[in-house]
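First comes the structure, then the notes that go with it.
The values are calculated or read from the model by the stated rules, or taken from the named source; none is laboratory data. As the structure is a prediction and not an experimental result, all values here were calculated from the model. Ideal geometry is used to build each Cβ from the backbone, glycine not excepted, and the neighbour counts take in all protein chains shown. SASA here: full protein model, heavy atoms, side chains in, ligands and nucleic acids out. Shrake-Rupley method; radii C 1.70, N 1.55, O 1.52, S 1.80 Å.
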Amino acid sequence: MRTGDSRRDRYKAQGRVRGDPQQIVDFLRPGARRLDWDSMMTSMEILETPEQGCCVVKYTTSGQLWNIISPREFVDFSYTSECERGLLSCGVSVDREQHSSGCVRGFNHACGWFCVPTDDPSLSLLTGYIQTDLRGHLPRAAVDTAMASGLITFFSDLQRALDA
């Protein structure tokens, strides 16, 4: 599902994933493990760790749709915490002046992934809310297509990694 205004696009993604919430969120947290399975991520560097459960992370994503959408770089504050019966991992972009050449600096408004157990002990429900401004002059149809494809790939990559 997508809704948008002139500055950001909003998406919701939801799926049942084999694994318990702690295991799933451990795969979502910023760090080297994420690069091992997430085919959309091309680099990731933790810039700061102010306290346990949170960090400032710089990462780049691959180009999409035959590079109609070129690689993007983001710098986000990320926080992970227990929340009711499951876990919450959320983030928002922060301003950093320096950025990599060859990448457009995107901006994430408040985003989050919620992971809770289901009635089936082998499955968890993973729900993501993404509010992003990819920046640049991009056709809305291209952004929508890339986001839909990217989220399907994300869930497939995650499940493969969890099953390994």
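Residue check, Asp38 against (1) modelled with pLDDT of 95 or more; (2) over 15 Å from the mean Cα position of the chain (by Cα), all met but one. Which one?
Failing condition for Asp38: (2).
Considering only residues that are open to solvent by 50 Å² or more (accessible area, probe 1.4 Å) and either outside any strand (DSSP E or B) or hydrophobic (A, V, I, L, M, F, W, C) (or both), look in region 126-137 and name the one that is modelled with the highest pLDDT. Before you say what the answer is, go through the steps one by one.
Restricting attention to region 126-137, the residues satisfying the condition of being open to solvent by 50 Å² or more (accessible area, probe 1.4 Å) are 129, 135-137.
So of that shortlist, the ones also either outside any strand (DSSP E or B) or hydrophobic (A, V, I, L, M, F, W, C) (or both) come out as 135-137.
On the way: Arg135: 89, Gly136: 85, His137: 85.
Among those that are open to solvent by 50 Å² or more (accessible area, probe 1.4 Å) and either outside any strand (DSSP E or B) or hydrophobic (A, V, I, L, M, F, W, C) (or both), it is Arg135.
Consider Gln64 against the criteria (1) out of contact with any strand residue (DSSP E or B) (no Cβ under 6 Å at 6 or more places or on another chain); (2) open to solvent by 80 Å² or more (accessible area, probe 1.4 Å): it satisfies all of them except one. Which criterion is unmet?
(2) is the only condition that Gln64 fails.
Being under 17 Å from the mean Cα position of the chain (by Cα) and open to solvent by 50 Å² or more (accessible area, probe 1.4 Å) is the filter here, so list the residues in region 105-124 that pass it.
Ala110, Phe114
Out of curiosity, is Asp95 in contact (Cβ under 8 Å) with a residue 24 or more places away in the chain, among the acidic types (Asp, Glu) and open to solvent by 70 Å² or more (accessible area, probe 1.4 Å)? If you could, list the steps in order and put the result at the bottom.
Details: in contact (Cβ under 8 Å) with a residue 24 or more places away in the chain: no; among the acidic types (Asp, Glu): yes; open to solvent by 70 Å² or more (accessible area, probe 1.4 Å): yes.
Here the answer is no, as Asp95 does not meet what is asked.
Answer yes if at least one residue in region 138-159 is of a type outside the set (Asp, Glu), farther than 19 Å from Thr42 by Cα, outside any helix (DSSP H, G or I) and out of contact with any helix residue (DSSP H, G or I) (no Cβ under 8 Å at 6 or more places or on another chain), and no otherwise.
yes
Touching a Ser or Thr at 6+ places or on another chain (Cβ under 9 Å), of a type in the set (Ser, Thr, Tyr), at pLDDT 95 or above and open to solvent by less than 60 Å² (accessible area, probe 1.4 Å): is that true of Ser89 in this structure?
Spelling it out, it is not the case that Ser89 is touching a Ser or Thr at 6+ places or on another chain (Cβ under 9 Å), of a type in the set (Ser, Thr, Tyr), at pLDDT 95 or above and open to solvent by less than 60 Å² (accessible area, probe 1.4 Å).
Taking region 138-148 only, how many residues are surrounded by fewer than 16 Cβ atoms within 10 Å (Cβ to Cβ) and either modelled with pLDDT of 95 or more or under 26 Å from Pro21 (Cβ atoms) (or both)? Outline the logic, then answer.
Of region 138-148, the ones surrounded by fewer than 16 Cβ atoms within 10 Å (Cβ to Cβ) are 139-142, 144-145, 148.
Subsequent filtering for residues that are either modelled with pLDDT of 95 or more or under 26 Å from Pro21 (Cβ atoms) (or both) retains 148.
Summing the residues that are surrounded by fewer than 16 Cβ atoms within 10 Å (Cβ to Cβ) and either modelled with pLDDT of 95 or more or under 26 Å from Pro21 (Cβ atoms) (or both) in region 138-148 gives 1.
Here is a list of conditions, (1) at pLDDT 90 or above; (2) under 20 Å from Gly128 (Cα atoms); (3) buried (at least 17 other Cβ atoms within 10 Å of the Cβ), and Pro71 meets all of them except one; can you say which number that is?
Pro71 satisfies all of (1) at pLDDT 90 or above; (2) under 20 Å from Gly128 (Cα atoms); (3) buried (at least 17 other Cβ atoms within 10 Å of the Cβ) except (2).
Which is touching a helix residue (DSSP H, G or I) at 6+ places or on another chain (Cβ under 7 Å) and over 21 Å from Asp9 (Cα atoms), of Pro121, Pro117?
Criteria check complete, one pass: Pro117.
Yes or no: region 58-70 includes at least one residue that is within 14 Å of the chain's Cα centre (by Cα) and farther than 20 Å from Cys90 by Cβ. Can you show your working first?
Initially, region 58-70 is screened for residues within 14 Å of the chain's Cα centre (by Cα), giving 58-62.
Subsequent filtering for residues that are farther than 20 Å from Cys90 by Cβ retains 60, 62.
There is at least one residue in region 58-70 that is within 14 Å of the chain's Cα centre (by Cα) and farther than 20 Å from Cys90 by Cβ.
To keep it simple, each residue is scored yes or no on (1) of a type in the set (Ser, Thr, Tyr); (2) touching a residue at least 12 places away in the same chain (Cβ under 8 Å).
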{"residue": "Gly63", "(1), (2)": "no, no"}
{"residue": "Arg72", "(1), (2)": "no, yes"}
{"residue": "Cys83", "(1), (2)": "no, yes"}
{"residue": "Ser124", "(1), (2)": "yes, yes"}
{"residue": "Phe154", "(1), (2)": "no, yes"}
